[in-house]
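Trainee: Let me begin by handing over the structure; questions about it come next.
Every read-out reported here was derived from the displayed coordinates using simple, explicitly stated rules and does not represent laboratory data. Since we're looking at a predicted model, the values are computed, not measured. Heads up, the Cβs are rebuilt from the backbone with ideal geometry, glycines too, and the neighbour counts pull from every protein chain shown.
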Amino acid sequence: MNSKKQLLTSFILGLSFFSFSQYEYSIEVEDFKNKNPKTVFDEVSHYLDDHSRYIKDGKFTFQSESLYSLEKINHIVNISGYSLKNFTILSTKEEEKLLERKK
């Protein structure tokens with residue numbers, strides 16, 4: 001009985017591990033309004049389901065289980081008090097699977 005519980009626990013942990021961070025995004029805002037980029041990103045990410053985030057060259061990059069559209073990101077950036085300059089979906093789990101199959 002104990003081995004069944006361990007197997008079930010391992011399965012659930014494995015499933016959650018592989019379903020986590022399905023999408024990676026990059027966001028740029030028009031103007032930081034004299035604020036630190038980290039502060040701006042914190043304000044914007046308050047409305048996001050994100051993790052593994054970082055800032056590089058003024059671009060906010062993050063991973064999420066959620067699929068965000070340009071319209072949704074634009075809305076989030078606007079309600080945070082900023083204007084969207086650029087939005088890019090950097091990768092999806094589906095794209096990674098396709099690339100692995102081609103190898």
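Trainee: Using a simple spin-label model with points 7 Å from Cα along the Cα→Cβ vector, what separation in nm is obtained for Ser66 and Thr92?
Mentor: 1.7
Trainee: For Lys93, give me every one of the aspartates and glutamates with a C-alpha distance below 15 angstrom, ignoring sequence neighbours fewer than eight places off in its own chain.
Mentor: Leaving aside aspartates and glutamates fewer than 8 places away in the same chain, those within reach of Lys93 are Glu24, Glu65.
Trainee: Which ³J(HN,Hα) values in Hz, rounded to whole numbers, follow from the phi angles of the stretch 45-50 under the Karplus curve 6.51 cos²θ - 1.76 cosθ + 1.60, where θ = phi - 60° and Gly and Pro get x?
Mentor: 6, 4, 9, 10, 9, 10
Trainee: What list of ³J(HN,Hα) couplings, whole Hz, do you get for the stretch 24-34 from phi and the Karplus terms 6.51, -1.76, 1.60, once you set θ to phi - 60° and write x for glycine and proline?
Mentor: 10, 10, 10, 10, 10, 9, 5, 8, 7, 6, 6
Trainee: List every residue whose amide H lies under 5 Å from the amide H of Lys59, counting only residues 5 or more places away in sequence or on a different chain, with H placed 1.01 Å from N in the peptide plane.
Mentor: Distant-sequence amide H within range of Lys59: zero hits.
Trainee: Out of residues 5 or more away from Lys85 or on other chains, whose amide H comes under 5 Å of its own, with H placed 1.01 Å from N in the peptide plane?
Mentor: Glu28, Val29, Glu30
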